[in-house]
Amino acid sequence: MTNHVAACGQMKVARLAQEPHGTHSESVLSFIRSGSLDMLHGETFTATEGMFVLVPGGMPHTLLSGSDLHIHWMSFCPDCLGLEPGSALLQPFQQVRLGALPALTLAVERIEFVQTLYQQFELALQQSLPLEVMKSFVFLLLHEVSLAQQPVSWRAGMHPKVVAALSYIESQGLQPVSLQSVADAVFVSAPYLATLFKRETGYSVGQWLTKKRLGEACNRLMHTHTPIAVLVEELGWSDPTHFIRQFKAAYGVTPALWRRQHNHKGEAD
């Protein structure tokens, strides 16, 4: 399991300086074990001890400041883990996209268990345990988010047209999809959507489509025997060489090597 599928770690910082405004393609779930964190995520808010902080993939955010911080964090690729967009485990992240504050308070009696989950997940990654074990940690942590206290307020979320575009790409992204077809689906012009999508997510529609398809490629490489030449066609690439080049740029290895590294029991490609 590589960092592009899921990663886990912790950070201890006495005083955190502002970090650049940015986005990342993976979703991130952090838990504030101690200290406080000021963050810009649509609006400025403060996360304190005992809170989860959720950052959906593609959502711009800025770490403003923090003090005496001890944070456990997990990043994960939903597609790579076979999580459907409508999965109940992903609903808190979808709520953040729509405007919920990205901070949830964990019940006191759950804190010790959640800290143990993060710590054991980190150890499991170091030991390169089987993929199914890793997925179990991700799913258990996401379940804990669903048990946390719901947001007490809402902020200005992503533009509704971008939320609609993301939903369309999630459901249709493995079909022949273009900027124009996404724009038609959400009833705006292609140039308007291109500008809006880039501003809200930090990615172009084409880049997000590629991310979606590469995530599904990871999922199929791990869970099917499908030869890479067939997989490429199923996922919408017309040129296998182009697919391999994009996959290697994203994950640092070829699809065939990535499959072998993840102990896939399928046939060699």
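The values are calculated or read from the model by the stated rules, or taken from the named source; none is laboratory data. Bear in mind the structure is a predicted one, so any value in this text is a computation, not a measurement. Positions of Cβ are generated from backbone atoms using ideal geometry, with glycine treated the same way; all protein chains shown enter the neighbour counts. Quick note on the areas: whole protein, heavy atoms, side chains included, nothing else; ligands and nucleic acids left out. Shrake-Rupley method; radii C 1.70, N 1.55, O 1.52, S 1.80 Å.
Details
- Residues located in region 30-64, provided they are in contact with a Phe, Trp or Tyr (Cβ under 7 Å, 6 or more places away or on another chain), open to solvent by less than 10 Å² (accessible area, probe 1.4 Å) and in a strand (DSSP E or B): PHE31, MET39, PHE52, LEU54
- Matching residues, region 238-257, being within 21 Å of PRO78 (Cα to Cα) and not in a helix (DSSP H, G or I): GLY252, VAL253, THR254
- Look at (1) in contact with a Cys (Cβ under 7 Å, 6 or more places away or on another chain); (2) closer than 25 Å to LEU174 by Cβ and you find that MET74 fails only one, number (2).
- Restricting attention to region 219-237 and to residues that are modelled with pLDDT under 85 and in a helix (DSSP H, G or I), the residue that is nearest to the chain's Cα centre (by Cα) turns out to be ASN219.
- Residue, farthest from HIS70 (Cα to Cα), within region 107-124, restricted to residues that are under 18 Å from the mean Cα position of the chain (by Cα) and crowded, with 20+ Cβ neighbours inside 10 Å: PHE121
- Residue in region 87-106 that is free of Cβ contacts under 8 Å to residues at least 24 places away in the same chain, loosely packed, with under 12 Cβ neighbours inside 10 Å and in a helix (DSSP H, G or I) present: no
Residues checked against (1) within 30 Å of HIS159 (Cα to Cα); (2) among the small types (Gly, Ala, Ser):
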{"site": "LEU179", "(1), (2)": "yes, no"}
{"site": "VAL182", "(1), (2)": "yes, no"}
{"site": "LEU209", "(1), (2)": "yes, no"}
{"site": "GLU216", "(1), (2)": "yes, no"}
{"site": "ALA229", "(1), (2)": "no, yes"}
{"site": "VAL232", "(1), (2)": "no, no"}
{"site": "ILE244", "(1), (2)": "no, no"}
{"site": "ALA256", "(1), (2)": "no, yes"}
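- If the condition is being of a type in the set (A, V, I, L, M), at pLDDT 85 or above and either surrounded by 15 or more Cβ atoms within 10 Å (Cβ to Cβ) or within 28 Å of VAL232 (Cα to Cα) (or both), then region 147-168 contributes ALA148, VAL162, ALA164, ALA165.
- Out of THR241, THR210, THR226, sole residue that is of a type in the set (Ser, Thr, Tyr) and under 22 Å from LEU193 (Cα atoms): THR210
- Residues (farther than 18 Å from GLU170 by Cβ and touching a residue at least 24 places away in the same chain (Cβ under 8 Å)) located in region 193-225: LEU221, MET222, HIS223, THR224, HIS225
- Among the criteria (1) under 30 Å from SER189 (Cα atoms); (2) of a type in the set (A, V, I, L, M, F, W, C); (3) surrounded by fewer than 17 Cβ atoms within 10 Å (Cβ to Cβ), the one TRP237 does not fulfil is (3).
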